[in-house]
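Novice: Once you've had a glance at the structure underneath, I'll fire off some questions.
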């Protein structure tokens, strides 16, 4: 009897959480808004997400939302599964990831995000002064550092630019590895700071990341900055996109859109926005943003078709 009583108590203790574990394809709960994030550092990202969720949820009561939760995914594939089964309602991610969520699981692109210095950004190619590299064509036989395979500005865009310029690319084992004759080689440095340092130290011949990262080099010693020079820049694409699950209740979706659009003008949102990955506000998807997403879709297709 004591074991039976213990089992019953355990069952009762988890009942309040049952709605968050709905069947695939169903909403986690009509009263719960779930904000998702692909993360390799859940604690740090939760600290960035929670204030924004705390700001949004009280303003969603008119559509039945009473609670907010955070759900981390280990990678993009897991997040796609969460969106497909509506374990996650809302994701804030890079434009590349947002396009993937839309095309692979039918997620809806809600708003563009004014984050980290702007709504749009572009890729900057740079090299060490005196390298002799003054164009994409000059990268033949040379090496370039990108951040990681999920980066929009430090992999997808620059790799696509190089492929369109007629370069054949090899992935390298390390920054000390060299490409085959007549080809260019790329290596992942894992962070923007590593990309810049590897170029400055001449471990690789060139690097590529966003113009925002390039601007941040102003905080480094002048001697470091003066050793680097830009030789090519891409066209702009959206910085980040707010995405919602394909089956999210339209009333909830539209109210979330209203709340996010109004946040930039609300003093109460100032700190939550700042902690939300340095966000200044959210804007509608205008024609320029849609064109940028279309270009990005072409870049993704090209890179995946040729390199992955």
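Novice: Let me check I have the definition right: for the range 27-139, take the eigenvalues of the Cα gyration tensor, multiply each by 5, take square roots. What are those semi-axes in whole Å, largest first?
Specialist: 35, 16, 14
Novice: On to the next question. Can you sort 133, 241 from fewest to most other Cβ atoms within 10 Å of each residue's own Cβ?
Specialist: Result, fewest neighbours first: 133, 241.
Novice: A follow-up question, please. Under 13 Å from a point placed 7 Å out from the Cα of residue 62 along the Cα-to-Cβ direction: which residues of the range 226-255 have their backbone N that close?
Specialist: Residues passing the 13 Å test: 251-255.
Novice: Quick one: grab Rg to one decimal and Dmax as a whole number for the range 123-234, Cα atoms only, in Å.
Specialist: 12.4, 38
Novice: Tell me, in nm to one decimal, what length is gained between residue 225 and residue 301 on full extension, where the rule is 0.36 nm per residue of separation less the Cα-Cα distance?
Specialist: 24.0 nm
Novice: What is the diffusion coefficient of the range 214-266 in µm²/s, taking the Kirkwood radius over Cα pairs and the Stokes-Einstein relation at 10 °C with a viscosity of 1.306 mPa s?
Specialist: 102 µm²/s
Novice: Taking neighbour Cβ counts within 10 Å as the exposure measure, how do 135, 193 sort from fewest upward?
Specialist: The fewest-first ordering by Cβ neighbours comes to 135, 193.
Novice: A further question on this structure: For a distance above 32 Å, tell me the whole-number percent of Cα pairs in the chain that qualify.
Specialist: 36 percent
Novice: What ranking of 203, 162 emerges when the number of other C-beta atoms within 10 Å of each C-beta is taken as an exposure proxy, fewest first?
Specialist: 203, 162
Novice: While we're here: First measure r as the distance between the Cβ atoms of residue 135 and residue 251, then evaluate 1/(1 + (r/R0)^6) with R0 = 51 Å and state the FRET efficiency to the nearest 0.05.
Specialist: The calculated FRET efficiency here is 0.45.
Novice: On to the next question. Go ahead and set up a Gaussian network model of the chain, Cα springs under 10 Å, then flag whichever of 246, 42, 236 fluctuates most.
Specialist: Between 246, 42, 236, it is 42 that shows the largest mean-square fluctuation.
Novice: Between residue 40 and residue 202, what length comes free when the chain is fully extended (0.36 nm per residue of separation minus the Cα-Cα distance, one decimal in nm)?
Specialist: 55.4 nm
Novice: With each run of n ≥ 4 DSSP H residues scored as -39500 (n - 2.57), what mean residue ellipticity at 222 nm is computed for the chain after dividing by its residue count and rounding to the nearest 500 deg cm²/dmol?
Specialist: -11500 deg cm²/dmol, from helical runs alone.
Novice: A further question on this structure: Nearest 10 degrees, 0 to 90: what angle lies between the long axis of helix 95-105 and the longest principal axis of the chain (Cα atoms)?
Specialist: Helix 95-105 sits at roughly 50 degrees to that axis.
Novice: Starting from the Cα-Cα distance between residue 270 and residue 194, subtract it from 0.36 nm times their residue separation and give me the gain in nm to one decimal.
Specialist: 24.2 nm
Novice: Where both partners of a DSSP beta bridge lie in the chain, what percent of those bridges are antiparallel, to the nearest 5?
Specialist: Close to 60 percent.
Novice: Compute a Gaussian network model of the chain, connecting alpha carbons closer than 10 Å, and tell me which residue from 138, 73, 95 fluctuates the most.
Specialist: Result: 138 has the largest fluctuation of those listed.
Read the figures in this text as sums done on the coordinates, not as results from a lab. Since the structure is predicted, the reported quantities are computational estimates derived from the model, not experimental observations. Cβ sites come from the backbone with ideal geometry, for glycine too, and all protein chains shown count toward neighbours.
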